[in-house]
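A.B. asks: Shown below is the structure under consideration.
Please treat every number below as a calculation from the coordinates, not as lab data. Just so it is clear, the structure is predicted and the values come from calculations on it, not from any experiment. A quick note on method: Cβ atoms are made from the backbone with ideal geometry, for glycine too, and the neighbour counts reach across all protein chains shown.
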Amino acid sequence: MSNFIQKLKKANEILKAGSINLTIEQRGSKLLLRGTFPPRPNSKFSNSHQQRLTLNLPATDEGLQVAKGKAKEISGQLTLDKFRWDDHINPCLIYADPRNKVRLEFTYLLEGNKGAKMITLRLGTGELKKLTPNSFCPNNKACSM
């Protein structure tokens, strides 16, 4: 078992021990949360059910630390019935690599007759550095570019 998978497993054990009913998962090179969420906007479902919330965080040690914090934050929102999908569908993420190349990533929620789905548009290349979405998109709201 790889070192990162062991850390991911340990992080989920800590969340479970803290009564956080969300699990961090890895899909490819990204991290996401899985748990019981209210229906997405314009979903065919009317009740809360198991869903995944894409965090757009890299599957790295730093990304895992951020994901643990997000899991705690979102768990609190779910407990207090304050969770809103609009607050967590990150419309704009900014990345930069050591050579100062920039990648912009926009995620949109598309609503259609078969429910809602997200698409992501990526421009440029680059690895995650110490820039955060809030540096450019306060409260993860849509960017004003």
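A.B. asks: In nm, what is the difference between 0.36 nm times the number of residues separating residue 45 and residue 79 and their Cα-Cα distance? Intermediate results must be reported in sequence, preceding the final value.
C.D. replies: Values: separation 34, 0.36 × 34 = 12.24 nm, distance 1.98 nm.
Full-extension gain reported as 10.3 nm.
A.B. asks: Also, I was wondering about something else. Quick one: Karplus J couplings for the range 11-24, per residue in order, coefficients 6.51, -1.76, 1.60, θ = phi - 60°, nearest Hz, x for Gly and Pro?
C.D. replies: Here the 3J(HN,Hα) series is 4, 5, 5, 5, 4, 5, 5, x, 6, 8, 8, 10, 10, 8 Hz.
A.B. asks: On the Cα set of the range 8-90, report Rg and Dmax in Å, please.
C.D. replies: When restricted to Cα atoms, the range 8-90 yields Rg and Dmax of 12.4, 36 Å.
A.B. asks: Between residue 14 and residue 66, take the C-beta separation as r, use R0 = 25 Å, and let me know the FRET efficiency to the nearest 0.05. Don't jump to the answer; show the numbers that get you there.
C.D. replies: Details: r = 15 Å, r/R0 = 0.58.
Given R0 = 25 Å and the Cβ-Cβ separation, E is 0.95.
A.B. asks: Can you list residues from other chains, or at least 5 along the same chain, whose modelled amide H is less than 5 Å from the amide H of residue 57?
C.D. replies: Here 31 satisfy the definition.
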